[in-house]
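Q: Have a look at the structure that comes next, please.
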Amino acid sequence: MSRTKINNSDIRSAAKHLKSTDAVLASLINTTNTYSVYGRRSSFESLVRIVIGQQLSTQAAATISTRVKALFRSQTINPARVSTLADSDFRKAGVSHAKISTIRSLTSKLERGELSLRKLPYLTDNEIMTHLTAIKGIGPWTVQMYLMFVLHRLDVFPASDKGILNAMNRLYDGNGDVLDIEQISARWRPFRTVACWYLWRYLDQEVT
């Protein structure tokens, strides 16, 4: 798979498709600011931030990530610089022992040449899932976030994400019945990522 860069025109096309296939999403998209593609951090730094954010609220993850970034004095977070930090530095920033171990394992694989983040954009989603979940502490959700927010793959659906489940339960009221989220999300193909972006935006609006 060749590397492609998503742009705002792609997002508009995705939104048009979603509005035509799902009335609930159509209403949401019409009342939500258009999603924009922003510049991204390095792949390694982004993956570290995603690991830090596992099973945390958005606010807690952002707070800890900011503290970790401060450890590097505004320099890019890369494997060489991670290796210079003691575990105690990460702990003081609020990173758990398990997540420190995952970050160490990721760093080690990159430094030994067993993994190349530069090659990942040329692989399929399933191949990337296989490569990254081989690292202890990196599961499907972490890889899905990487696919969605770093590689900007357009058709990823993180079915276990609590935010997505919460938004779908609110928006697709099943009158007490268990929602078939896979069936609902099938309408969104091949733009499930963009649909999820709007669902997260919906939750942000509900909070504010």
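Only the coordinates and a few stated rules stand behind these numbers; no lab work does. Computed from a predicted model, the values in this text were never measured in an experiment. FYI the Cβ positions are ideal-geometry reconstructions off the backbone, even for glycines, and counts take in every protein chain you see.
Q: Taking 30 Å as R0, compute the FRET efficiency from the Cβ-Cβ separation of THR76 and ALA159 and round it to 0.05. Walk me through the intermediate numbers first.
A: Values: r = 33 Å, r/R0 = 1.09.
Efficiency at R0 = 30 Å is approximately 0.40.
Q: Just rank TYR198, TYR172, fewest to most, by other beta-carbon atoms within 10 angstrom. If you can, show how the numbers build up before the last one.
A: Details: TYR198 20, TYR172 14.
Ascending number of Cβ neighbours within 10 Å: TYR172, TYR198.
Q: Cα extents of region 43-149 along the three principal axes, largest first, in whole Å?
A: 36, 30, 23
Q: With each pseudo-label sitting 7 Å past Cα toward Cβ, what's the GLN205-SER57 distance in nm, one decimal?
A: With each label point 7 Å from Cα toward Cβ, the separation is 2.2 nm.
Q: Rounded to the nearest 500, what is the chain's calculated 222 nm mean residue ellipticity when only DSSP H runs of at least 4 contribute -39500 (n - 2.57) each, over all residues?
A: -17500 deg cm²/dmol
Q: Putting +1 on Lys and Arg Cβ atoms and -1 on Asp and Glu Cβ atoms, find which of LEU56, ILE11, SER116 reaches farthest to the positive end of the dipole of the chain.
A: Looking along the dipole axis, the top candidate is SER116.
Q: Can you find, among ALA93, LEU47, PRO79, the residue sitting farthest towards the positive end of the charge dipole of the chain, where Lys and Arg contribute +1 and Asp and Glu -1 at Cβ?
A: Positive-most Cα among the choices belongs to PRO79.
Q: Follow-up. Let me know the charge dipole size of region 1-140 about its Cα centre in debye, to the nearest 20, where only the beta-carbon of Lys, Arg (+1) and Asp, Glu (-1) is charged.
A: Dipole about the Cα centre, nearest 20: 380 debye.
Q: Past the 30 Å Cα-Cα mark, which pairs from LYS16/LYS162; LYS19/LYS69; LYS19/LYS119; LYS19/LYS99; LYS99/LYS162?
A: Flagged as over cut-off: LYS19/LYS69; LYS19/LYS119; LYS19/LYS99.
Q: Taking only Cα atoms and a 10 Å spring cutoff, compute GNM fluctuations for the chain and point out the largest among VAL24, VAL156, VAL48.
A: Among VAL24, VAL156, VAL48, the largest mean-square fluctuation in the Gaussian network model of the chain belongs to VAL24.
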